[in-house]
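Input: a single structure, listed below in structure tokens.
Read the figures in this text as sums done on the coordinates, not as results from a lab. Worth saying up front: this structure is predicted, and the values here are computed from it rather than measured. Virtual Cβ from ideal backbone geometry, glycine too; neighbours counted across all protein chains shown.
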Amino acid sequence: MSPHATDAEDQKAAGLPDPDQGGQEGRNEAERTARRLREISEALHARRADGRVITDPRRPRKTEPQDTHLGLLVSYDQIQTQLIQGELAGRQWMHERALNDQTSPLVTDHDIYALHAAAFGHLYDWAGAPRLTEAGPGGIVYVRSYEVRPKMRELQYDFAAWYAALPDPWDLPDAARLLALTHHQFEYIHPFVDTNGRSGRLLDHYVLWVSLGAVGDTLATSPQIVHFPDRQAVGDYFQALHEATNRREYGPLTQFYLARLEETFA
């Protein structure tokens, strides 16, 4: 979905009802939903108020051609547009699961594979499948390809223990700690060929909406974490990941998520 799409295009891309249906009230609701989805899309672009895209200079935007179901995508803008559409599709999938009373609050390895397939299956034939090649955060491989499946199962078991330890009711610091632990272990494993950063941010919303139950009646009214509101947040995030990986110190990453949650629920 492009941040410049029309309301009707936003609605169609998100799989939402036709704004022409349901009379004036339906059209008003459709317009509100479309505006909210544009805000989400812009947040996914991580654009500043001046329109510039926030990036980490240590990690330049990928521009190499990618072979996809849509053909060979050769420019960053082509790839970015499709990835953002995928993220929105993934959020729609998660939202439906969050509203389903039969959905377990626990995160399993198969939930993560299914989320990835829902988000990026329109683009990659390997979507939803653990990688068979070597990859890792920042190009450093911590988990070999043959270890991905057992490590993802470990994440499932660890999450169950972390979730069981949550107080009832939980507060934002508790949620931030759960997000930090889950996100870091996912990124450490780096289970997919590509899109692990985006998938980790999607997983954050799965934990928030499905596991913690902080979800709205619609996708547009559900809390949306803006991970990188400014360049400082980008630097804080990567430094916090470094601390978690190399020192097993989760305080900085917990503080990062606490700041994002406080912004989300302000």
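Residues whose amide H comes within less than 5 Å of that of T68, counting only those at least five positions distant or on another chain, are L73 (H built at 1.01 Å from N in the peptide plane).
Average 1/r across all pairs of distinct alpha carbons in the range 173-266, invert it, and you get the Kirkwood radius: 13.5 Å. Within the range 177-202, list the residues whose amide N lies under 19 Å from a label point set 7 Å along Cα→Cβ of E243. Counting only backbone N, you get 177-188. Above 14 Å, the calculated P(r) of the range 127-179 contains 65 percent of its Cα-Cα pairs. The GluC sites (Glu not before Pro) found in the range 69-158 that occupy coil by DSSP, while having at most 14 further C-beta atoms within 10 Å, are E134. Counting other Cβ atoms within 10 Å as a rough exposure proxy, the listed residues S104, S199, S222 run S104, S222, S199 from fewest neighbours to most. Available extension along the chain between A164 and I140 is 5.5 nm, counting 0.36 nm per residue and deducting the alpha carbon span. Arranged from fewest to most other beta-carbon atoms within 10 Å of their beta carbon, D217, D168 become D168, D217.
Between L70 and T103, the modelled label-to-label distance comes to 2.5 nm, taking each label 7 Å out from Cα in the direction of the beta carbon. For the range 61-265, the orientation-averaged shadow of the C-alpha convex hull comes to 11.2 nm² (one quarter of the hull surface).
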